[in-house]
1. Restricting the first residue to segment 142-157 and requiring it to be free of Cβ contacts under 8 Å to residues at least 60 places away in the same chain, which pairs with a second residue that is outside any helix (DSSP H, G or I) and open to solvent by 70 Å² or more (accessible area, probe 1.4 Å) meet a Cβ separation below 8 Å and a spacing of at least six or different chains?
2. I need every pair where a residue in segment 105-116 that is of a type outside the set (Phe, Trp, Tyr) has its Cβ under 9 Å from the Cβ of a residue that is part of a loop (DSSP other than H, G, I, E, B), sequence separation at least 6 or different chains.
3. Can residue 118 be described as touching an Asp or Glu at 6+ places or on another chain (Cβ under 8 Å) and in a helix (DSSP H, G or I)?
4. Could you say which residue among 72, 83 is without any contact (Cβ under 8 Å) to a residue 12 or more places away in the chain and open to solvent by less than 30 Å² (accessible area, probe 1.4 Å)?
5. Any residue at all in segment 23-46 that's farther than 29 Å from residue 83 by Cα, open to solvent by 30 Å² or more (accessible area, probe 1.4 Å) and not aliphatic (A, V, I, L, M)?
6. Which one of these does residue 78 not meet: (1) hydrophobic (A, V, I, L, M, F, W, C); (2) closer than 30 Å to residue 40 by Cα; (3) crowded, with 16+ Cβ neighbours inside 10 Å?
Amino acid sequence: MEDAESCTSHEAIECARAAYAHALTKFPNNTDIWLSAAYFEKNHGSRESLEGLLQKAVAHCPKAEVLWLMGAKSKWLAGDVPAARSILALAFQANPNSEDIWLAAVKLESENNEFERGRLLLQKARGSAPTARVMMKSAKLEWQLNNIEKSVELLEEAVKLHPDYPKLWMMLGQIYAQKGEVSQSRDWLNQGLKKCPNSIPLWLLLARLEVKTGVTTKARSVLEKARQKNPKSAELWLESVRIEVQSGMKNIGLSVMAKGSPIFCPPGHMTSRSSSSQLCRSVQIQEYFGQKPFSWKTNRKGEPKVLMH
C-alpha cells in the first residue's frame, strides 16, 4: 500500500497499479486494499478499468457494500441504468438487509422518474429493514408525489418504531403546517421534543412555526426552554436574537446577545473557526440593529463580555 501511494505521489501510475495488483494477489479478501485500488482507478484510470476492478472486488468481498455501490454509481453516471440495477440486484443477494443498498436502489429509480419502482423497493425495504432512514425516505417519496395521507401514515408508524429520530417528527410538523393545520403541527413537534430534547433543528422549527403564526411570545418561550435544555447551542441564542430583531424589540435582542456572548465566543477559543463564524454572524445582527458592531473584552477572570458602542 505504501509503495502504491508513493508511486502515485510521484505520478508513476503504472508502477502504482502494479503495486496494488501485487498487494491484492497477496491479500485478495482485504476490503481496504480493494477500496484504495478502486479510488486509484477512479482518479487515474478509465471507467472501464474501474468497473473491471470493482467486478473482481465484489467477487472476493461480497459483503463490502461500498464496492457494490461504487460499481452501480459508475454505471449510472455513464447512463447505463439497467446495468446499475443489475449490480444492485446482486448486491441485495449478498447483503439482503443493507440499508445503504436499499436506499441507493431507491435513489436510482427516483432520480430517473421511476417512482413506482422506487415505491415498490421501499415497500420491500420496510419489510426486511424498516430502519429510520428507510421509513423517512418512504414518507418523503409519498410526500413528493403529493400522497400526503400515505406519507403521514408512514411517519406515524415510523415515530413508534424510531421515536429518537428527530427528522421523522420534523416531517410530521412540516406536513401539517403545509396543510394549514397549525395546532396539529405544533402537537407533533412538541411530542418530538419530548423524545429528542437535544435536537436543535426541531426546536428551531417549532419556534419558527410560532413566529409564522404571529405568536412571538410563544416563540420566545420555546427558545428559552430550548436554551435551558441545550445551553451551549449558539444557534439557539442567535435565533433568539433574530426573533427579537424581527419583532422590532432591538433592545431585548441586544440583551440576549450580551447574555449569549460566552457561547458565541467562549474563553480560550477566540480564534477558532466555529467561534469566528458565530462572531461574524453576530456582527451582522449587530449591524442590522443599525449600531456599530460590539467589541470583545475580558473581565478579570478572563471571561468575555460585550461592550455595546
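The values are calculated or read from the model by the stated rules, or taken from the named source; none is laboratory data. Every value quoted in this text rests on a predicted model; they were computed, and no experiment measured them. Here Cβ is always computed from backbone atoms with ideal geometry, including for glycine, and neighbour counts include all displayed protein chains. Ligands, DNA and RNA are stripped out before the accessible areas are found, and what is left, the full protein with its side chains, is counted by its heavy atoms. Shrake-Rupley method; radii C 1.70, N 1.55, O 1.52, S 1.80 Å.
1. Note: pairs meeting the criteria are 148/179.
2. From residues that are of a type outside the set (Phe, Trp, Tyr), the pairs are 108/114.
3. Numbers: touching an Asp or Glu at 6+ places or on another chain (Cβ under 8 Å): yes; in a helix (DSSP H, G or I): yes.
So residue 118 fits the description; yes.
4. Working: 72 fails: without any contact (Cβ under 8 Å) to a residue 12 or more places away in the chain.
83 is the lone residue from the list that is without any contact (Cβ under 8 Å) to a residue 12 or more places away in the chain and open to solvent by less than 30 Å² (accessible area, probe 1.4 Å).
5. yes
6. Condition (3) is where residue 78 drops out.
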